[in-house]
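The block underneath contains the structure these notes are about, expressed in structure tokens.
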Amino acid sequence: MTSGKLRIMAIGAHPDDCDVKVGGTAILYARAGHQVKFVSATNGDTGHHQMGGGVLARRRFAEAQEAAETAGIEYEVLDIHNGQLLPTLENRWQIVRIIREFAPDIVITHRPNDYHPDHRYTSQIVQDSAYTITIPNVAALTPALEQNCVFAYMSDDFTKPCAFQADVTVVIDDVLDDKMRMLACHESQFFEWLPFNRSQGQVPDGHAERLSWLTERQAPRFASVAEKHRESIASFYGPERAAGARHAEAFEICEYGRRPCRGELYRLFPFFDGP
Ligand SMILES: [Zn+2]
């Protein structure tokens, strides 16, 4: 970190995972002048019912860039087929290089137990990189980081073998509309594939109508995070703010990488005004 500014990296499996789980927090960081980079480990080239392959990969890439511009962040998409990501050495080295080049303070990824193999393997690759980024002789042409990063997990509702634990919860009410605009950039996902795949009914045509249609379906997910982790919100923002918090994103600190003390969490997540 230089000049008090943080560098935040989120690594998801698909070109919308980081947006859904970290989008609001990313917007808050970006607005405060911190540097945020999202990485999608796959190019999203199979998640659609009417198109696929290179055409879909290029569309997903363009949508990710639009989302990044909306949020004021960077977005890198790796050219690995959707559904075919494996925790190989080559993929580990690629992630090691990407983390080293950005030199983040925090790296956020999926938890290792998840329904989607791409989510699981992204997590595996990032966890395997968590120690490796400090070893100079691995991927030796990209200088190793002198100090390890803090690694954290995005929230989820899986319970086996263990439920997500909210070590930090960020209230995103102030940026919920911006987060929804960011998600709406992923048109092929939120207005085409997911409505088809999840039988969400007819998607409206107009831009404003689509945005409110999407908000109706997505905002309850972030409301449920706030509801579930209200105690964690109270511990950072104080009970009064916690009682009024409606939407949130939560993170669990990974046991690998650098382990931050409570005081460092306040530095790494500079959004809290109490208690
Ligand atoms: Zn995904």
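Throughout, read-outs are computed from the coordinates displayed, never taken from laboratory work. The structure displayed is predicted, hence computed values, not measured ones. Cβ placement follows ideal geometry from the backbone for every residue including glycine, while neighbour counts extend to all protein chains displayed.
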So, counting K/R as plus one and D/E as minus one, what does the shell of residues with Cβ under 13 Å around residue 115 add up to? -2
Taking the Cα centroid of region 185-229 and of region 64-81, what is the distance between the two, rounded to the nearest whole Å? 19 Å
Can you run phi through the Karplus equation (6.51, -1.76, 1.60; θ = phi - 60°) for region 51-62 and list ³J(HN,Hα) in whole Hz, with x for Gly and Pro? 9, x, x, x, 4, 5, 4, 5, 5, 4, 4, 4
Give the relative contact order (percent, whole number) for the chain; include only Cα pairs under 8 Å separated by 6+ residues. 21 percent
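Rounded to the nearest 500 deg cm²/dmol, what is the calculated helix-only ellipticity per residue at 222 nm for the chain, with -39500 (n - 2.57) per DSSP H run of length n ≥ 4?
Working: 10 runs with 120 residues, N = 275.
Rounded to the nearest 500, the figure is -13500 deg cm²/dmol.
Quick check on region 1-80: of the DSSP beta bridges with both residues there, what percent are antiparallel, nearest 5%?
Values: 1 of 11 bridges.
Just about 10 percent of them are antiparallel.
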Over the chain, with a Gaussian network built from C-alpha contacts below 10 Å, which listed residue (229, 49, 110) shows the highest mean-square fluctuation? 49
If each residue of separation counts as 0.36 nm, what is the full-extension length gain between residue 271 and residue 157 once their alpha-carbon separation is subtracted? 38.6 nm
GNM, the chain, Cα, under 10 Å: largest mean-square fluctuation among 201, 47, 72? 201
FRET efficiency for residue 3 and residue 209, using Cβ-Cβ distance with R0 set to 25 Å, rounded to 0.05: 0.05
Residue by residue through region 174-187, the couplings from Karplus 6.51 cos²θ - 1.76 cosθ + 1.60 with θ = phi - 60°, in Hz, x for Gly and Pro, are 5, 10, 4, 4, 5, 4, 5, 5, 5, 5, 5, 5, 7, 4
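Counting only other residues whose beta carbon sits under 10 Å from that of residue 147, what net charge do I get with K and R as +1, D and E as -1? Don't skip to the answer; put the middle values down first.
Working: positive: 258; negative: 105, 146.
The answer is -1.
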For the chain, modelled as a Gaussian network with Cα springs under 10 Å, which listed residue fluctuates most, 133, 80, 108? 80
For region 7-268, what is the largest minus smallest coordinate of the Cα atoms on each principal axis, given in angstrom and ordered from greatest to least? 54, 50, 38
Out of residues 5 or more away from residue 153 or on other chains, whose amide H comes under 5 Å of its own, with H placed 1.01 Å from N in the peptide plane? 109, 252, 253, 254
Using every Cα-Cα pair within region 172-255, state what percent have a distance larger than 18 Å. 50 percent
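Could you give the length gained by full extension between residue 264 and residue 69, i.e. 0.36 nm per residue of separation minus their alpha carbon distance, to one decimal place? Intermediate results must be reported in sequence, preceding the final value.
Details: separation 195, 0.36 × 195 = 70.20 nm, distance 2.91 nm.
Taking 0.36 nm per residue and subtracting the Cα distance, the gain is 67.3 nm.
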